[in-house]
Each structure stands twice: as C-alpha cells, then as structure tokens.
Amino acid sequence: MTHAEATARAAFLRTELHRHNRLYYIEARPEISDQAFDTLLRELQDIEAAFPDLVTPDSPTQRVGGAPIEGFTQIRHTVPMMSLDNTYSEAEMIAFFLRLQKGLGRESIRCVIEPKVDGVAISVRYENGVLKHAATRGDGQTGDDVSANARTIQSLPLRLPADCPQTLEARGEVFMPKEGFAKLNEERESAGEPRFANPRNATAGTLKQLDPRIVARRPLDIVFYGIVDASADAAAPADDLFSAAPGGPQSQSEVHALLAKAGLRKADLIWKADSAEGLLAAIRELDEKRKTLPYETDGAVIKVDSSADQRELGATSKAPRWAIAYKYQPEQAETRLLAVDIQVGRTGALTPVARLEPVFLSGSTVSNATLHNFEEIERKDIRVGDLVVIEKAGEIIPAVVMVKKESRTGDETAIPRPPHCPVCGTAVHQDEEQVVIRCPNPHCPEVVKRRLEHFCSRGAMDIRGLGESVVAQLVDARLVRDAADLYDLDALKLAGLERQGSKSIENLLKALAESKQQPPWRLVFGLGILHVGVTAARTLIEHFGGVDAIAAASIEELTQCPDIGAVVAPSIHAWFRDPVNAALLDRLRAAGLTFTQRSVEAASDKLKGTTWVLTGALSQPREEIADLIRAHGGKVSGSVSGKTTYLLAGEDAGSKLDKAAKLGVAVVSEEMFRAML
Ligand code: IVH
C-alpha cells in the first residue's frame, strides 16, 4: 500500500467507523455486526501502525487508551461549572415555581424536566469539529484534563458532524451503567480487588485513573444536558451560564435539539411543563420510570426553558435561579442489627457482614447488609443491637447508611476490630491505610476454600461438581489443601464424601481429568493472582504464549504486555517468585495441566457465534484454515446461506462471491481474517 492509498483508505475507514459508532451508540440502530466493526477498526489500526503519521487525535483507534500519564493538567473552564440548589419536598418545588412567577411577572412559565444523573460532571469541548478536551468540574473554575480517559467512552463522538457548530462546549455527566457496574464488581471480586460501593464511586475512581488503558476496559458512558458554547469559530465563548450561548441555542429545548444533531447522547426521558402541577406530575412520573434507566438517578432537574427567561432570572454566586434539583428519597428501611459476622475472602480479607432483623426494602426481604470494612463501622459508630437505616445504593446487597443513635438503650455492644482470624486464629494484618484487615495465614481453611472455589469456578478451570459444599468437605477432611491436591484425588479418597454417589464421584474425576485440557489463560486466572482478572489472564497468555514465560518475565517485560500496568505487573512478578507458588505450579505441571497455548486447539472464542464459508485460493489448505476458525470458536460450512456470517474469499473466488453479495453476507479477505484473530 502506498502512502497515498493508505491516506485515502484511513480517511474512509475513520468516517465509516464514526458513522457506525453513532448508529450503534446514539441511534441504537446498528447496520453491521460487532465483528464487522472490529474488522474495520483493526484494518485502520494496521494502517496507522504502518504509517504512524496518519494517526489523528479523532481516530477511533485512539479510544483503546493511550500511554499512562504522570498526573492531570488543569483546564480553566470557559464558563464556570456551577452547581444546583436542591429541594427535597413538593412544597419546596411549589415555592420554586412561585419564585419563577414572581421573577418573570407572569403565570405560565415553560420548564423542562430532566433526570438528575448520578455520575461525575464533565465539560467536553470541540474545536474545529474535533474533540479538544474533556475536563472535570474541579472547583467550578478549573478542573482536571481527563481527555485521554474520556476518549475511551465509545458513545462520545471524537468528531462532530459537519452540519453543526464546529466550536461546541457541552456539559454532561459521565456514568457507569448499572449493568456494567455489577459486572465490573464481580470481576474485581474475582481478581481479589475491593468492590466499588456504588456506580458513582466507580465512575469517579475510573476517571481519576492515570492509565487510560484501564479506563478503556471499564464501561463508562456519558449523557449531556447542556451547551455553554456553540459558535462557528472558537473566538466567542458564552458570556452566560448555560443554555444562553450567543448564536447558539436559545432555549433548553433547542439545547436538546442541538445535542441530538451533534450526536451527543442526551437523557432518555424529558418532560415539559408550564405550571406547578405539571412540574409535580413530571417529577412523580420520572420517579416511577427512573428504575428502568440504564444509569442511577438521584433526582429530577427542573430548568426554565427559554434562555431569555434564564437571563432575566440570573444566578447567585453558586447556582442559577432558573434551575433546581428535586432530590428523591433513596429507598431506605429501618431495622435492628442483630449480629456482625466476619467473612474471610480469597485474599484473606476479613469483611464484616451485618445480620439484620428481616425487613422489606425495594421489592425484597433483606436480612444481610454489607458493612464494607471496620474503618466504616468505626466512622459510623455502628454497634450490635442498634436500630440502623439501610439503603440500596446501586448494589443488590444493601448497605448500612446510619445509626439511629437516639434510640439507643445503652445495651448496644461495640464491634471491635478482630485481632485474630475468626477461623484459624492467626493474628491479623492491617494494611497501611488501616482499612483492610487480612488473615495472613495462607493455610487458613477459609482462605484455602475460597481459593479452591475460585480455581474450580466457571470463569476459571470450570470443573463441574466442585462447588462450595464439595470443596468445604474436601478441605475439612484434609484431602485437599491446594489446587494440585485436586489432581491427586481418586475414587477411594472421595468415597467418604457426603451426598456423593459413585456416579457423581465418577463425574467429578472425569471433570478433573478434562480440566487438564483447559486453555492456559484459565489456569492463570484460576491461580488467583491479585489484580489478575479474566482479561489480564487472557492477554498475558496471548502475549507470552504460556505460563512459564509469564513466570520468567521481569516486571519490565510484564508491563510491555498490553493492559498490564504498574500495579498488576509487580503483583504477578511477586506471585511467581513465591516458593510455595512455584512448588504448586510444578505439581500442576506434573499433573498434566496445559501450560502453553496450543497454536491451533482452542485458541480463543473470538469467532464465537460466526459461521464461515471458504472460497478461492487461500494461503493454506482449506481444512487447516477451517481448523483455525473452529479453534477460535467459529463454525465452518460448505455453502453460502442466510446463516453465513462471513465469506472468506481468496483469489479467483467464483459463484460463492455472487451469492454472498445477493444475500448481503460480509466478504472478508484472508488478510482481514488474520487481523480478526
Ligand atoms: S444542570 C448550572 N442537568 O448535578 C448547573 N445537572 O447538583 C447546571 N447533573 O454539577 C447543571 N444531571 O453534574 C444539570 N440533567 C442535569 C443533570 C445535572 C446531573 C449534575 C451536574 C451538576 C450537579 C448539580
């Protein structure tokens, strides 16, 4: 490919990728499959790798996250980022509307009602149609430049369509979708990392990351609610607070229209009302519907629609007078704290769990709540016997938010930090911040059980029949102390287990034998190395080819592996240097587990769910390529039909090409196919 060809192709691919991103994320009507999108993206990546001068800041390839940064630089906001006054009752809402009527001297005032998204405020600036920077609120005047992190948000356009103002500064909220948040917490737990308390904390923590590659793997998203600058050139920022940018939208309704035109995602539910009754009706309806939104909301924001009216009403030093937030009461319940149990996790972390008098909250009966850690218990002064307020905050498991101290009788008992592990009695170890308390005993039966459960779990070695109860029995009977012991089990040793007939023992041994063929990334994940989740495990194996190469790698070599940063690399390095772990690995190797990636067998599931037809002259015999497709989870079929996902076409392809065209089946060159893998 010549430089000129590459320039043209890269420009074409970028435009196409921007278009498909918009169709997928903003308009929710994708035209191509995820795989086809990835193929286009990879082709662009390949071109940019070969011709680095063609990389542009708005290239969709830049979303994967650039190199880590030292710290955030500061950005001065062109228009200060203010906050909103809060109201908590309908009476206060009516008072707000009366103030509007008085201020504007008329009865009917058109207002817009939007959800108050519970995330992190952000200001995003485009100049000459290209994303210039994204900044957090900071102190309202200056915020952190989080552009590199914001770029990883798939729904955030890196370039604006030509038919809207090319200088545009929009205000919005970065959030983590409820679903993505739950998944992230599961992953964190399985990588031995602490869970985030709620989606807002997860969002704030993610935006503050100095390594955009980590951010790219977290499911951040964004909604916009304001435009403070919308001018044809960069010289004329707004002199006002909000939707009153000169030459830009003249009302909040026009703000919404311009956001839509610019491809900036706006709130899913928006109401209009021109009376106090109308406002209250909208607020109540939003409260009903907000559970269905993909993001957490903690209220409604009511804004006067017209910019002229907004200007007339003005602002205090802190907040505009033309807008207000109505905060919903979080769903809470009061109940009695009966006891505090201590759970021991895989990393030895001791987590206090509140046992509660059962109480009904947000659709279910609750009898447990998380207390997160002992520092929190001390901070909130929680005691056994207390009447406590519990709340569901984005988590399925509720949290204790506060204690009703006025209801104390004096019989409540403090919850001391445990000096010893409640299971094995070893003196505990506290981290530097005094937050996490750990049982340091690697042989603590609870820690051993958690570690084995993780090793056998579906996401790791996937050994059927080795769930919590069997693992507990095996450990308690001293048959198993570590993962390698599992492979020494036989029918005789298992005969004494409860509820295990000869058939289930046979199945268990079969599952164990079969697990030896599991791909090595499952083993790496199953080892339970701190900070190594499924994604890191897969990338490590892809990069190093096998467990031994990972074990031999220096910290520096580890950081050269994509996605492995300054925190994860030392953790991996230390794990493999521990003699106990080295001995475990030796025994697992001797037991016959798969340590190296086989080039053909079960390489990945990258092609899962796709059906391929091969045609024309390819660089390898067809059967070999078919094996490769199967190894990556795809299916291969002999003829093109409606079920075909891709036609892999070599030179001199014949009639199958015509049939694929007729049926709209994507045609892929061998080069593209290799790139997909
Ligand atoms: S308007 C002049 N609209 O709430 C301030 N804010 O408490 C204009 N927020 O910092 C803010 N959803 O981060 C507005 N639909 C919405 C919002 C919203 C969430 C956040 C925003 C702001 C905070 C104010």
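The values are calculated or read from the model by the stated rules, or taken from the named source; none is laboratory data. Bear in mind that the values here come from a model prediction, so they are computed numbers and not experimental data. All Cβ positions, even for glycine, are placed from backbone atoms using ideal geometry, and neighbour counts span all protein chains on display. These accessible areas exclude ligands, DNA and RNA; they are computed on the full protein's heavy atoms, side chains included. Shrake-Rupley method; radii C 1.70, N 1.55, O 1.52, S 1.80 Å.
Suppose we keep only residues that are among the hydroxyl-bearing types (Ser, Thr, Tyr) and out of contact with any Gly (no Cβ under 6 Å at 6 or more places or on another chain) within region 305-339. Which one would you say is most open to solvent (accessible area, probe 1.4 Å)?
For region 305-339, the residue satisfying everything is Ser317.
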When you scan region 120-137, how many residues do you find that are open to solvent by 10 Å² or more (accessible area, probe 1.4 Å) and small (Gly, Ala, Ser)?
1
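Residue-wise test of (1) within 16 Å of the ligand (Cβ to nearest atom); (2) assigned to a helix (DSSP H, G or I); (3) of a type in the set (S, T, N, Q); (4) open to solvent by 40 Å² or more (accessible area, probe 1.4 Å).
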{"site": "Asp38", "(1), (2), (3), (4)": "no, yes, no, yes"}
{"site": "Leu44", "(1), (2), (3), (4)": "no, yes, no, no"}
{"site": "Asp53", "(1), (2), (3), (4)": "no, yes, no, yes"}
{"site": "Glu70", "(1), (2), (3), (4)": "no, no, no, yes"}
{"site": "Val79", "(1), (2), (3), (4)": "yes, no, no, no"}
{"site": "Met82", "(1), (2), (3), (4)": "yes, no, no, yes"}
{"site": "Ala91", "(1), (2), (3), (4)": "no, yes, no, yes"}
Considering residues of region 355-403 that are within 28 Å of Lys183 (Cβ to Cβ) and modelled with pLDDT of 95 or more only, the residue most open to solvent (accessible area, probe 1.4 Å)
Arg355
Which numbered condition Leu486 fails, given (1) at pLDDT 95 or above; (2) out of contact with any helix residue (DSSP H, G or I) (no Cβ under 9 Å at 6 or more places or on another chain):
(2)
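So is Ile69 at pLDDT below 80, within 21 Å of Arg217 (Cβ to Cβ) and among the β-branched types (Val, Ile, Thr) or not?
Yes; evaluated as a whole, the condition is true for this residue.
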Just a yes or no: is a residue in region 152-173 in a helix (DSSP H, G or I), under 26 Å from Leu259 (Cα atoms) and open to solvent by 10 Å² or more (accessible area, probe 1.4 Å)?
no
Which condition number does Ser147 fail, the rest of (1) more than 21 Å from the chain's Cα centre (by Cα); (2) open to solvent by less than 40 Å² (accessible area, probe 1.4 Å); (3) without any contact (Cβ under 8 Å) to a residue 24 or more places away in the chain being met?
(1)
Only one of Glu506, Glu498 is open to solvent by 40 Å² or more (accessible area, probe 1.4 Å) and farther than 24 Å from Thr594 by Cβ; which?
Glu498
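Sort out which residues of region 267-284 are charged (D, E, K, R) and at pLDDT 95 or above, and write them in order of number.
Lys272, Asp274, Glu277, Arg284
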Candidate set: region 55-68, residues that are β-branched (Val, Ile, Thr) and in a loop (DSSP other than H, G, I, E, B); chosen: the one most open to solvent (accessible area, probe 1.4 Å)
Val55
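Filter region 96-132 down to residues that are within 30 Å of Arg200 (Cβ to Cβ) and over 22 Å from the mean Cα position of the chain (by Cα), then give me how many there are.
Result for region 96-132: 14.
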Arg213 within 14 Å of the ligand (Cβ to nearest atom), in a helix (DSSP H, G or I) and not hydroxyl-bearing (Ser, Thr, Tyr)
no
Could you check Ile113 against (1) at pLDDT 95 or above; (2) of a type in the set (Val, Ile, Thr); (3) within 21 Å of Pro199 (Cα to Cα) and say which number it fails?
(3)
Does region 367-389 contain at least one residue that is of a type in the set (Lys, Arg) and in contact (Cβ under 8 Å) with a residue 60 or more places away in the chain?
no
Looking at this structure, is Arg587 among the basic types (Lys, Arg) and free of Cβ contacts under 8 Å to residues at least 24 places away in the same chain?
no
If we take region 564-677, then helices (runs of 4 or more DSSP H) inside it with 1 or more residues that are within 32 Å of the chain's Cα centre (by Cα) and buried (at least 16 other Cβ atoms within 10 Å of the Cβ) are 568-577, 579-590, 622-631, 670-676
Residues that are open to solvent by 40 Å² or more (accessible area, probe 1.4 Å) and polar (S, T, N, Q), drawn from region 255-299
Thr292
Name the one entry in Val471, Val524, Val480, Val532 that is touching a Lys or Arg at 6+ places or on another chain (Cβ under 6 Å) and at pLDDT 90 or above.
Val471
Residue check: is Pro445 open to solvent by 60 Å² or more (accessible area, probe 1.4 Å) and within 22 Å of Asp341 (Cα to Cα)?
no
Only one residue in Ala197, Ala191, Ala202, Ala182 is open to solvent by less than 10 Å² (accessible area, probe 1.4 Å) and closer than 28 Å to Arg290 by Cβ, so which one is that?
Ala202
Name the one entry in Val366, Val384, Val359, Val344 that is of a type outside the set (Phe, Trp, Tyr) and out of contact with any Asp or Glu (no Cβ under 8 Å at 6 or more places or on another chain).
Val366
Enumeration of residues in region 139-156 that are in contact with a His (Cβ under 7 Å, 6 or more places away or on another chain) and away from the ligand (no atom under 16 Å from the Cβ)
Asp145, Ser147
Determine which single condition Pro30 fails, assuming it passes every other condition in (1) under 25 Å from the mean Cα position of the chain (by Cα); (2) touching a residue at least 60 places away in the same chain (Cβ under 8 Å); (3) over 26 Å from Ala135 (Cα atoms).
(2)
Among the residues of region 95-122, write down those that are out of contact with any Pro (no Cβ under 9 Å at 6 or more places or on another chain) and more than 15 Å from Ala323 (Cβ to Cβ).
Leu98, Gln101, Lys102, Gly105, Arg106, Glu107, Ser108, Val120, Ile122
Go through Arg321, Arg218 for me and flag whichever is modelled with pLDDT of 90 or more, within 11 Å of the ligand (Cβ to nearest atom) and among the charged types (D, E, K, R).
Arg321
Taking into account only those residues within region 162-198 that are in contact with a Pro (Cβ under 8 Å, 6 or more places away or on another chain) and acidic (Asp, Glu), which is nearest to the ligand (Cβ to nearest atom)?
Glu169
Residues of region 93-138 satisfying the condition of being on the phi > 0 side of the Ramachandran plot and away from the ligand (no atom under 16 Å from the Cβ):
Gly105, Asn128, Gly129
